[in-house]
Structures are given as C-alpha cells and as structure tokens.
Amino acid sequence: MSIKYLKYTISILIFIIPIYIYFNPPHDRDAGPMMAYDFLFFYPFLLISILLSLFILFSAVKNFNSNKLENSLFLISTFPTIGLLILVFISFSKVNNSVEDFSETITNRKFVQINDKLTIIFEGSRYKNVRKKVSFLPNNHNVKVYTSSQFVQGRFNTFFMFYKIKNDSLEIYIPENEPLYYTNDGLKKLPIKVFYFNSNKKDSLNNQNLTNFEWK
C-alpha cells in the first residue's frame, strides 16, 4: 500500500471513529460499567484517533502546497477528533469547576427508649429535595455493643416511616423496596424489625397505633 492510500485510509478512520464514539454512548451509566467503557473503549480509541490525526496534520501541512485540495481534505478529516477532544476538555473543566454539596441537612432528632438498657436516637435528615433519611444511633456512651449506625432512606416525595416499640424491639414501617442499611463493623445490629408497605396504602398505617416520624 502506497503512502498516499495509507493516508486516505487513516483519514477515513479518524473521521469515522470520533463520530461513532460520540453517537454510541454506553447504555449502563453506573460507576463500574462507565469506568470499563472509559478505560477499555473510549480513551484508547480517542488516543489512537489523536495520534493518527497528528500524523495526518503534520503530513498535510508539510505537503500542503504540492496538492492543496487533497491536503485540505486530509485536514478536514481531523475535525471530528479535534471536536471530540474539545468536548472532553470542556467536560473535565465542568467537573473541576462544579463543587457539589453532598452533605445532608439534619432536620430532627428523637430519643426512643426500647427498654431499660437501650435507647435509640432517631436522626432525621434530607439531601435537598432528593431523598429523606432516618439514621438509628445507639445511645450507649460507655459500652460499644451495637453497630454504630443503621439507616433507611428513600425518595423525598414518597418516603415515609412509621414505628412502634414491641417486645424490646423497634418495628418500623417503610415503603417496599427500601432496605434497612447498617454499618458492617462486626458488632450487634440494633433490634429493628422492618415491615414493608405499599405507598398507596400508607394512610392505613395511621389506624394501627403507630407513630409517624416527621421531618421538621
């Protein structure tokens, strides 16, 4: 293959690759798949396209006067790579300049006595209008018996929690598909029993001698 046809082949590749990358983003945008996509596909192909574009640019500029039309086409073939590279730098700039506050605003604290030996602190918090959360903290100052924290959380507009004390346990009623999380530090989990409820039937909980936890 002559140098001329090699340059034509490279020009076609560096024109197609960035366009294909841009219009075929990953469908799964979770952290793991996104990292695999970036480091196994996006950046390797972008790097290849950049290196080939540099070769074409150098060759086209060097020989521009010998065939202006042909070398102009070579230069144009590098535009998608340059454009995608600019978009990447803009994306990095936005990430670096935006400082997102992920802190939660504590809205309410309540002490609930389970028995003579255990009191649990309910700590209600929320993150903007995104989610609500209740953390369960053991109020044992001297002896660390229970895990440091357990919590439930859910979407801001639909999350609710009702509770009552029964047989030295805390029973909580929360929307279905909202698990109870806990710190896995090897200590005892708090005596919390979870009952999942359909959000559409939330009103019926008011008639079951339960206390509604309110975010103030």
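The values are calculated or read from the model by the stated rules, or taken from the named source; none is laboratory data. A quick note: this is a predicted structure, and the numbers were derived from the prediction, not measured. Neighbour counts are summed over all protein chains in view; Cβ atoms, including those assigned to glycine, are modelled from backbone coordinates with ideal geometry. With ligands, DNA and RNA removed, areas are computed over all heavy atoms of the protein, side chains included. Shrake-Rupley method; radii C 1.70, N 1.55, O 1.52, S 1.80 Å.
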>> Could you work out how much longer the chain between R131 and M34 gets when fully extended? Use 0.36 nm per residue separation minus the Cα distance between them, nm to one decimal.
In response: 32.5 nm
>> Using a 1.4 angstrom probe on the protein heavy atoms only, could you order I86, I174 from most to least accessible area?
In response: I86, I174
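Leaving out ligands, DNA and RNA, and with a 1.4 Å probe, what % of the accessible surface on the chain is carbon or sulfur?
The computed percentage sits at 58.
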> In what sequence, highest mean first, do 153-160, 202-209 appear when ranked by Cβ atoms within 10 angstrom?
Replying inline: 153-160, 202-209
>> Let me check I've understood the local charge: for W215, count other residues with C-beta under 12 angstrom from its C-beta, Lys and Arg +1, Asp and Glu -1. What total comes out?
In response: +4
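Please give me the summed charge of the neighbours of G124: other residues whose Cβ is under 14 Å from its Cβ, Lys and Arg +1, Asp and Glu -1.
+4
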>> From the protein chains alone at 1.4 Å, what is the descending order of accessible area for R131, R109, largest first?
In response: R109, R131
>> Leaving out ligands and nucleic acids, and using a 1.4 Å probe, what accessible area per residue does the chain come to in Å²?
In response: 66
>> For L87, project a label point 7 Å along Cα to C-beta. Then give me every residue of region 29-64 with its amide nitrogen under 18 Å of that point.
In response: 29, 34-35, 37-51, 53
> Please report, for the Cα atoms of the chain, the Rg to one decimal and the Dmax as a whole number; what are they, in angstrom?
Replying inline: 29.6, 94
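Let me check something: with ligands and nucleic acids excluded, how do Y182, Y8, Y146 order by accessible area (1.4 Å probe), largest to smallest?
Ranked list, largest accessible area first: Y182, Y8, Y146.
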